[in-house]
Amino acid sequence: MTLSDQLSRPWVRTLALLVSIAVLASLLWRSDERVPPLEAESLRGPSEPDGFVINGLYRSYDASGQLNTMISSPRIEQFETTQLATMVTPDATLIDKNTGSPWTLTAETGTFHEQKNLVELQGNVIVTRQLGEDRQGTLETEQLTLDNANRTVYTDAPVTMTDGRSTTQATGMTAWIDDRILELKSQVIGLYEPATSQPQ
């Protein structure tokens with residue numbers, strides 16, 4: 001008896017149809033099963049980033065749409081679980097909203113905390129600001145935090161500030177970018193070099 005003869009019988013056709021339906025139902029049921037997702041961290045390891053950006057540039061604007069912060073880095077690594085981004089040799093520019101004059105910040109490394117809108121700069125941190133046509137203010141420290149939401153920079157580490165005529169050292173400070181206020185915390189030492197009078 002051939003296959004076509006067997007399929008011509010009603011009960012064989014019904015049985016074949018039931019088997020097909022059972023196989024199809026089994027396949028559909030298995031496709032609905034949730035396969036546990038493999039966490040990115042388990043695949044890459046805890047110290048490896050979820051992604052990275054080459055020659056990244058971050059811009060922040062105030063409520064009126066004016067640019068107030070720019071941070072660039074040749075390499076930025078992003079970690080989704082902790083919502084952190086680490087930066088190699090970050091270079092930041094902060095714009096004084098009252099005068100439009102920039103503060104520039106450089107460091108060896110930086111960490112951006114997305115939830116808090118904080119940037120922590122580490123290693124040879126240098127802040128510069130033009131004070132006049134012939135004077136530039138410089139602040140040097142090993143650690144500095146930029147609070148972009150409150151427009152402040154602060155540290156508990158020792159700082160050295162120079163402005164062309166004077167040098168000030170302290171341990172810990174807070175600066176309000178737009179208000180041009182600087183608060184030194186402790187162990188403040190200042191050296192001032194008086195301007196030399198021009199010969200007549």
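The values are calculated or read from the model by the stated rules, or taken from the named source; none is laboratory data. From a predicted model like this one, the values you see are computed outputs, not experimental measurements. When we count neighbours, we look across all protein chains shown, and the Cβ atoms used for this are built from the backbone with ideal geometry, even at glycine. Calculation scope for accessible area: heavy atoms of the full protein, side chains included, ligands and nucleic acids excluded. Shrake-Rupley method; radii C 1.70, N 1.55, O 1.52, S 1.80 Å.
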Exercise. Once the whole set of protein chains is in place, how much accessible area is left on Thr99, using a 1.4 Å probe, in Å² to the nearest 10?
Worked result: 80 Å²
Exercise. How much length is gained on full extension from Thr82 to Thr109, taking 0.36 nm per residue of separation minus their Cα-Cα distance?
Worked result: 8.0 nm
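Report the extension gain between Asp147 and Arg59 in nm, rounded to one decimal, defined as 0.36 nm multiplied by the number of residues separating them, less their alpha carbon distance. Numbers along the way, then the final one.
On the way: separation 88, 0.36 × 88 = 31.68 nm, distance 1.43 nm.
Using 0.36 nm per residue and subtracting the Cα-Cα distance, I get 30.3 nm.
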Exercise. Hey, with R₀ at 25 Å, roughly what FRET efficiency would Thr167 and Thr89 work out to, going by the Cβ-Cβ distance, to 0.05?
Worked result: 0.45
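Determine one quarter of the surface area of the Cα convex hull of segment 81-200, which equals its mean projected area, and express it in nm² to one decimal.
Values: hull surface 34.8 nm².
So the Cα hull casts an average projection of 8.7 nm².
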For this session: Along Cα→Cβ, 7 Å out, is where each label goes; now give me the distance between the ones at Glu183 and Glu133 in nm to one decimal.
Result: 3.6 nm
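With the radius of gyration and the Kirkwood radius both derived from the Cα set of segment 102-171, what is their ratio Rg to Rh?
Numbers: Rg = 12.6 Å, Rh = 12.7 Å.
Ratio value, two decimals: 1.00.
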